[in-house]
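Student: Here it is, the structure, as structure tokens.
The values are calculated or read from the model by the stated rules, or taken from the named source; none is laboratory data. The structure displayed is predicted, hence computed values, not measured ones. Glycine also receives a Cβ, built like all others from the backbone with ideal geometry; neighbour counts cover every protein chain displayed.
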Amino acid sequence: MTEKTGRWQRWRQGLGKMKEEVKNRFSQIWNQGKVDEKEWEELEENLIQADLGPQLAMELTEEFRELKESSPDKDWKEWLFDKLYSLVKDNHSQWFSQADPQKLKVLLLLGINGVGKTTVAGKLAYAFSHQEERVSLIAADTFRAAAENQLEVWAKRVGVHCFRGSPGADPASVVFDGIERAKKQGESLVVVDTAGRSHANRNLLAELGKIGRVAAKNVPPEQIENILVVDALAGQNAFVQADSLSQVIPITGIILTKWDSQAKGGIIFRIRRELGLSVKGIGVGEGVEDLIPFDPEEFVRAVLS
Amino acid sequence: MFESLTNKFSNIFKKLRSKGKLSEKDITGVMKDLQMVLLESDVHYRVVKDLINRVRERALEQDVLTSVTPGELVIKILWDEIRKTLGGTSQELHFEGANPALVMLVGLQGSGKTTTCGKLGVNLKEKGFFPALISTDTRRPAAKEQLRLLAESADLGFFDYPEEANPTQVVKQALRDAQSKGFDVVVVDTAGRLHVEEELLSELRKLTQDQDFQEILLVLDATTGQEAVKVAQSFREWIEPTGLVLTKVDTDARGGAVLSIVAQTGWPVKFVGVGEKLSQFEVFHPDRMASRIMGMGDTLSLIEKIEKAISEEERQKVEEKLVKKELDFNDFLEELSQMKSISSLEEMVSMLPGNWKNALSQVDGEKNLKMVEAIIRSMTAEERTNPYIINSSRKKRIAHGSGTSVQDVNRLLKQFEEFRRLWKKMQKGKNLPFRGRNLLGWRM
């Protein structure tokens, strides 16, 4: 339990940095009689720095400005909470909400290279196997050298089976065989690690589409989660990634990794607003337990507390 | 979204171009637009501010207001400033005569260090060095195994000391082994670490204090956002990198992060990784990167690629034809088969500026390329030289012969028209892609 609190602590500390700077700026501007252009710009900069992205930062600044000018006796803190909460409140953090627990579920991880898919696969296998699921891992990254070995190490650590195809095999066929095997073994969940792929590469996108179709053919849609893994340090391009990938596979949620890198939290508001996808979990370290579920209310409260 | 950004940028240019003369207020408005585009390209907001201020100053100095082509001038100034910030010229590795030379790769998790290690090995080997790769990464499962496989596949040296956990000892042993076995460069792959993990950073510092590294390269993911600056700052506090390697440039990320870091540290960018294959590794060209960050397409890189693929003789043939008469399908076919020998057509199309990209967008994908070839090969010689005679019954025949549909044939004809139009336009401006050296996206 202390371990868990420790992780939340780290997470909150990261958020704290954003909170202080931005909040001070908001409060200073609110209480000031006259605010010049430069100060408004500084607020916008603070918000960009908090990873909200230029668009949302500009919008928030403008709305705040309007609020100050039109209704100066309103509680700006309440306004900000409502505003931020409205961005995340529809986030569905639960996994497989419509799934039949008696049948096999498939959790597919996708994303560009180096975001941490393999590590997330290991952590998920751990988390789910502690929730009474009978889990196995499928190593469908047949491209990156030793990727399967890396996953196998995780599988051993977690104590689950790792299904591998032959090196260089068609990843879709590995997924097919892995699912077949899991069904025969009476397992309830497979976590599929796929190769990192640039969303600008059409061939790799097509390959991903095929993997998705193979999964969809063998289990009903409500038994499938296709999760985009995003590096919390990623910039604007993360949003382009999601756009292109969803052309070939229906993305059902997002996991943000490397949160302990002092990500500022703003990216979550952008993901909700620009992509409308749900954040399922957040990776906060290299340990097997370092994946925490995302709770929208908790999150906004932490941001503004 | 990327497309819309590029268009947004073109719109700013258009706004400037159509203005003729600008007022100071126009300039302010445009600067605000430029600022937004650079921010969307992940350039750090402070760097953006500096940059925009410099551009504004220079723009006013150079009498943009009264210039006949204010748009071009502002764009040119911005491009120039970005290029200058990025370092002006490409930079080589410096080994200062050390034998074996020691190169270390550092960076965050997932930035691409191990792959870069393999690529750098291949690059050095091509230059006549005998590189050996080692890894001090004992944290990520199978990291060493990954490096070993890469080394094997490219026939590079690889040392591993499974018993040895101390990085300094690993490097020392590798140097000894390299010397006795005749390797002259040792490339050290390290474990990924976050810029907030002080313990791990101090471990790196220890290693650089114990050993003399000729090059310490920070590997940076081109998709990194605003935090890139903090990453560089923090690595700089612990070790002093000698340069950068920018990876994942084959994504469509604009790579503004690299501008932020270079602006702040002055570190030269030595290489860029442009794909998953070990050969997809290039020297960094500041002018190209500047175009990319501005969303103008990597025109210069493209030209270089085309130049490589087309032999001198064929080039002349095409140029002569252009002078004599219009391009026909025979040339188009030739062009396409040349393109196939370029490593990846998609990679190439992605480097083109907007209007070219549109013209070629139908040709992308190897499958499409085959289809186009099939269609052209189903044309008669006369149809190939004079596409205007292709009527609907001919179209039907061609579609039948090539196993495609009439729509496919129509699409190709339309696309060919566009191709020819652009070709002519370039010829007029004496800006043939094969000749042109001053071919910035905005010129077209």
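Student: A:GLY287 versus (1) within 14 Å of chain B (Cβ to nearest Cβ); (2) in contact (Cβ under 8 Å) with a residue 12 or more places away in the chain: which is the lone unmet condition?
Tutor: It is condition (2) that A:GLY287 fails.
Student: I'd like the residue in region A:130-176 that is part of a loop (DSSP other than H, G, I, E, B) and among the basic types (Lys, Arg) and, out of all such residues, is farthest from the other protein chains (Cβ to nearest Cβ).
Tutor: So the residue we want is A:ARG134.
Student: Okay, next question. From the list A:ASP231, A:ASP243, A:ASP260, pick out the single residue that is crowded, with 24+ Cβ neighbours inside 10 Å and either assigned by TED's automatic domain parsing to the domain that holds A:GLY116 or at positive phi (or both).
Tutor: Exactly one of A:ASP231, A:ASP243, A:ASP260 is crowded, with 24+ Cβ neighbours inside 10 Å and either assigned by TED's automatic domain parsing to the domain that holds A:GLY116 or at positive phi (or both), namely A:ASP231.
Student: Then there is this: Could you list, in sequence order, all residues of region B:230-252 that are outside any helix (DSSP H, G or I) and either at the interface with chain A (Cβ under 7 Å from one of its Cβ atoms) or basic (Lys, Arg) (or both)?
Tutor: B:LYS248, B:ASP250, B:THR251, B:ASP252
Student: Hey, does region B:158-169 have a residue that's within 13 Å of chain A (Cβ to nearest Cβ), touching a helix residue (DSSP H, G or I) at 6+ places or on another chain (Cβ under 9 Å) and aromatic (Phe, Trp, Tyr)?
Tutor: yes
Student: So for region B:221-229 (the condition being surrounded by fewer than 24 Cβ atoms within 10 Å (Cβ to Cβ) and more than 14 Å from every other protein chain (Cβ to nearest Cβ)), does at least one residue qualify?
Tutor: no
Student: Of all residues in region B:253-273, how many are surrounded by fewer than 24 Cβ atoms within 10 Å (Cβ to Cβ) and part of a loop (DSSP other than H, G, I, E, B)?
Tutor: 3
Student: Of all residues in region A:177-190, count the ones that are part of a strand (DSSP E or B) and more than 10 Å from A:PHE163 (Cα to Cα).
Tutor: 1
Student: Checking A:GLY122 against (1) at pLDDT 95 or above; (2) more than 17 Å from A:VAL192 (Cα to Cα), which single condition isn't satisfied?
Tutor: Tallying (1) at pLDDT 95 or above; (2) more than 17 Å from A:VAL192 (Cα to Cα), A:GLY122 fails exactly one: (2).
Student: Please tell me if A:VAL240 is closer than 20 Å to B:ARG254 by Cβ, touching a Leu at 6+ places or on another chain (Cβ under 6 Å), outside any loop (DSSP other than H, G, I, E, B) and within 12 Å of chain B (Cβ to nearest Cβ).
Tutor: Against the criterion (closer than 20 Å to B:ARG254 by Cβ, touching a Leu at 6+ places or on another chain (Cβ under 6 Å), outside any loop (DSSP other than H, G, I, E, B) and within 12 Å of chain B (Cβ to nearest Cβ)), A:VAL240 does not qualify.
Student: Scan region B:123-143 and give yes if some residue there is over 27 Å from B:VAL231 (Cα atoms), free of Cβ contacts under 8 Å to residues at least 24 places away in the same chain and part of a loop (DSSP other than H, G, I, E, B), otherwise no.
Tutor: yes
Student: Within region A:246-284, take every residue that is polar (S, T, N, Q) and part of a loop (DSSP other than H, G, I, E, B) and give me the one that is nearest to the other protein chains (Cβ to nearest Cβ).
Tutor: For region A:246-284, the residue satisfying everything is A:GLN262.
Student: Could you list, in sequence order, the residues of region B:134-156 that are buried (at least 23 other Cβ atoms within 10 Å of the Cβ), farther than 21 Å from B:LEU200 by Cα and in contact with a Phe, Trp or Tyr (Cβ under 6 Å, 6 or more places away or on another chain)?
Tutor: B:ALA151
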